[in-house]
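The structure under discussion appears below in the form of structure tokens.
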Amino acid sequence: MLILRSSPPSPFGRKAKIAAAVLGLSDRITVELTDTKDPHDSIRKQNPLGKIPALVLEDGKVLFDSSVIVDYLDHLAGGGKVIPAGATRHDALRLQALADGIMDAALLQVYETRFRPEDKRHTEWLAYQADKVTRGLASLEADLPDTVSPDRTPNVGEIAVACMLGYLDLRFAGDWRAGHPGLVGWLKTFEAAVPAYEATRPPV
Ligand SMILES: N[C@@H](CCC(=O)N[C@@H](CS)C(=O)NCC(=O)O)C(=O)O
């Protein structure tokens, strides 16, 4: 059995869970809850960065970073499935990089308010990160990812975009929806095509 260290709100952990589901690997993975803030949680031994997701393999080796975990799962499922092998490979990886980068910028804003007392918060830093989210969403709205239908496996970029939008719904009250009708429609289609999206929705 593989062990996925994660936590329900983690958008990066959700990427790994959705990839596992669409690859038919969910029943080979146990999800073990992780508290990245707890210094005694074994995640800090498993991943020196103390971040989730991390995937503990059967031989005890630990893979971390959601992109590496998804690549491993794709290979386990035969390869070329959520990470296409052909001409669209780098489009999918680029899309993943963009969505992951937006998630990083969103998380840094959340951490700024979670870890710093109000009088120590850096408004310009928050705005700097918020701008990355704004520009990233604008570029996705202008050039929407391909529509995901039930008859094809979503690629890792599309999975990452859905998880990123879900995280903005969770932590930023879905404010992104007002100015991005194309992405709203795209996410609706993704949700209908990929049941694992609903199954991994974090509790509010
Ligand atoms: N690039 C990493 C990012 C992972 C990440 O930032 N995870 C967050 C939770 S969503 C985390 O573990 N944060 C705790 C910390 O930064 O110490 C990935 O793709 O897995």
Checklist entry - About its Cα centre, what dipole magnitude does the range 86-195 give when the only charges are +1 on Lys and Arg Cβ and -1 on Asp and Glu Cβ, stated in debye to the nearest 20? => result 160
Checklist entry - Distance from the Cα centre of the range 1-72 to that of the range 146-170, in angstrom? => result 19
Checklist entry - Per-residue accessible area for residue 26 at 1.4 Å probe radius, Å² rounded to 10? => result 60
Item to check | Length-normalised contact order for the chain - Cα pairs under 8 Å, 6+ apart - percent | outcome: 25
Next on the checklist: So, R0 is 41 Å and r is the distance between the beta-carbons of residue 134 and residue 58; what FRET efficiency does that work out to, to 0.05?
Outcome noted: 0.45
Item to check | Rounded to 5, percent antiparallel among DSSP beta bridges of the chain | outcome: 55
Checklist outcome for this item: quick shape note, the chain: Cα extents on principal axes in Å, largest first -> 49, 44, 29
Checklist outcome for this item: The pairs in 61/188; 15/61; 51/188; 15/188 lying past 27 Å Cα-Cα in this model are 61/188; 51/188
Checklist entry - Which order do 134, 34 take when ranked by solvent-accessible area (1.4 Å probe, heavy atoms of all protein chains), largest first? => result 134, 34
Item to check | Candidates 119, 59, 143, ranked by Gaussian network fluctuation over the chain, Cα under 10 Å, top entry | outcome: 119
Item to check | Residues residue 188 and residue 121, FRET efficiency given R0 of 45 Å [Cβ-Cβ distance, rounded to 0.05] | outcome: 0.85
Item to check | Label-point gap, in nm, between residue 110 and residue 97 - each point 7 angstrom along Cα→Cβ | outcome: 2.4
Next on the checklist: Working only with C-alpha atoms, what are the Rg and Dmax values of the range 2-76, expressed in angstrom?
Outcome noted: 11.2, 34
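The values are calculated or read from the model by the stated rules, or taken from the named source; none is laboratory data. Nothing here was measured: the structure is a model prediction, and the numbers come from that model. So basically every Cβ, Gly included, is an ideal-geometry build from the backbone, and we count neighbours across all protein chains shown. Side chains are part of the model used for accessible areas, which takes the heavy atoms of the whole protein and leaves out ligands, DNA and RNA. Shrake-Rupley method; radii C 1.70, N 1.55, O 1.52, S 1.80 Å.
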